[in-house]
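Enquirer: Right, I'll just put the structure down here and ask away after.
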Amino acid sequence: MQSILILNGPNLNLLGTRQPEVYGRETLAMVEQLCIDHAVKAGLTAHCLQSNHEGALLDAIHAARGVHAGIILNAGAFTHTSVALMDAIFSVEVPTVEVHLSNIHAREEFRHKSYISRAALGQICGFGSQGYLMAIDALAATLLPKETQLQDAR
Ligand code: CA2
């Protein structure tokens, strides 16, 4: 089974503890478990990692080359600042889907810009934790031959 990396960036370890009106009530552990279960139904194995450090996220993206068939990335606030993460995604050539819990385009101006989007297959935002599951489906549709895709993954 092909594996995918689900990578979460700074402060996402705090999910479920504050700002539930923006980021929901689920903890990161709950979101990760939802992803692992959904990936299996979609025909993929999910590995999850969170870091508050840009360098650790870069290392994880580099290490994904030849190991993971796809990446789902919520780079948190680094989304809006990190040319380095964008370059890493370009360089490893692993199909990457960008996810955000909140609708970054409906928030402050500084959140509208995403460096990740330039290197990603696409962006899913504004659907809370459901967005990660949508991203898994998007990767499955990209990676798996049509006849092996499970029709009832939800
Ligand atoms: O909507 C998203 O998923 C974001 O990537 C979340 C980032 C934010 O900087 C991006 O603009 C959009 C922030 C994550 C902070 O997560 C927290 C969760 C609970 C309590 C405090 C912060």
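The values are calculated or read from the model by the stated rules, or taken from the named source; none is laboratory data. Here the structure is a predicted model, which is why all the values come from computation and not from measurement. When we count neighbours, we look across all protein chains shown, and the Cβ atoms used for this are built from the backbone with ideal geometry, even at glycine.
Enquirer: Restricting to segment 106-154, what's the tally of residues that are more than 21 Å from L5 (Cα to Cα), exposed (fewer than 14 other Cβ atoms within 10 Å of the Cβ) and modelled with pLDDT of 95 or more?
Expert: Total meeting the criteria: 6.
Enquirer: Of all residues being in contact with a helix residue (DSSP H, G or I) (Cβ under 7 Å, 6 or more places away or on another chain) and more than 10 Å from the ligand (Cβ to nearest atom) in segment 10-43, which is farthest from I136 (Cα to Cα)? Just the residue, please.
Expert: The selected residue is V31.
Enquirer: Based on what the data block shows, is A77 among the hydrophobic types (A, V, I, L, M, F, W, C), farther than 25 Å from H38 by Cβ, exposed (fewer than 15 other Cβ atoms within 10 Å of the Cβ) and over 13 Å from the mean Cα position of the chain (by Cα)? Explain how you work it out, then say what you get.
Expert: Values: among the hydrophobic types (A, V, I, L, M, F, W, C): yes; farther than 25 Å from H38 by Cβ: yes; exposed (fewer than 15 other Cβ atoms within 10 Å of the Cβ): yes; over 13 Å from the mean Cα position of the chain (by Cα): yes.
So A77 passes the test.
Enquirer: Continuing with this model, one more query. Which numbered condition trips up A141, out of (1) out of contact with any strand residue (DSSP E or B) (no Cβ under 6 Å at 6 or more places or on another chain); (2) touching a residue at least 24 places away in the same chain (Cβ under 8 Å); (3) under 22 Å from K41 (Cα atoms)?
Expert: (2)
Enquirer: A further question on this structure: Under 9 Å by Cβ, and 6 or more places apart or on different chains, what pairs join a residue from segment 15-28 that is surrounded by 14 or more Cβ atoms within 10 Å (Cβ to Cβ) and modelled with pLDDT of 90 or more with one that is in a loop (DSSP other than H, G, I, E, B) and of a type in the set (D, E)?
Expert: L15/E26; G16/E26
Enquirer: Go through (1) closer than 19 Å to N11 by Cα; (2) touching a helix residue (DSSP H, G or I) at 6+ places or on another chain (Cβ under 8 Å) one by one and return the number of the condition T81 breaks.
Expert: So the condition that T81 fails would be (2).
Enquirer: Among the residues of segment 66-80, how many are within 16 Å of the ligand (Cβ to nearest atom) and at positive phi? Reasoning before the result, please.
Expert: At the first step, the residues of segment 66-80 found to be within 16 Å of the ligand (Cβ to nearest atom) are 71-80.
Within this subset, residues satisfying the condition of being at positive phi are 76.
Count: 1.
Enquirer: Looking at (1) near the ligand (Cβ under 10 Å from one of its atoms); (2) in contact (Cβ under 8 Å) with a residue 40 or more places away in the chain; (3) surrounded by 20 or more Cβ atoms within 10 Å (Cβ to Cβ), which one does V99 not meet, given that it meets all the others?
Expert: Unmet condition: (2).
Enquirer: Okay, moving on. Could you list, in sequence order, the residues of segment 49-59 that are of a type outside the set (D, E) and surrounded by fewer than 21 Cβ atoms within 10 Å (Cβ to Cβ)?
Expert: First, pick out the residues of segment 49-59 that are of a type outside the set (D, E): 49-53, 55-58.
L49, S51, N52, H53, G55, A56, L58, listed by residue number.
Enquirer: Of these, A46, A63, which one is surrounded by 17 or more Cβ atoms within 10 Å (Cβ to Cβ) and away from the ligand (no atom under 13 Å from the Cβ)?
Expert: Values: A63 fails: surrounded by 17 or more Cβ atoms within 10 Å (Cβ to Cβ).
Of A46, A63, the one residue that is surrounded by 17 or more Cβ atoms within 10 Å (Cβ to Cβ) and away from the ligand (no atom under 13 Å from the Cβ) is A46.
Enquirer: Against the condition more than 16 Å from the ligand (Cβ to nearest atom) and modelled with pLDDT of 95 or more, how does V83 come out, does it pass? Give the derivation first.
Expert: Working: more than 16 Å from the ligand (Cβ to nearest atom): yes; modelled with pLDDT of 95 or more: yes.
So V83 fits the description; yes.
Enquirer: Considering only segment 87-110, how many residues are within 24 Å of D59 (Cα to Cα) and touching a Ser or Thr at 6+ places or on another chain (Cβ under 8 Å)? Please lay out each step first, then the result.
Expert: Here is the first cut: in segment 87-110, the residues within 24 Å of D59 (Cα to Cα) are 87-101.
If we keep only those that are touching a Ser or Thr at 6+ places or on another chain (Cβ under 8 Å) too, we end up with 89, 95, 98, 100-101.
Number of matching residues: 5.
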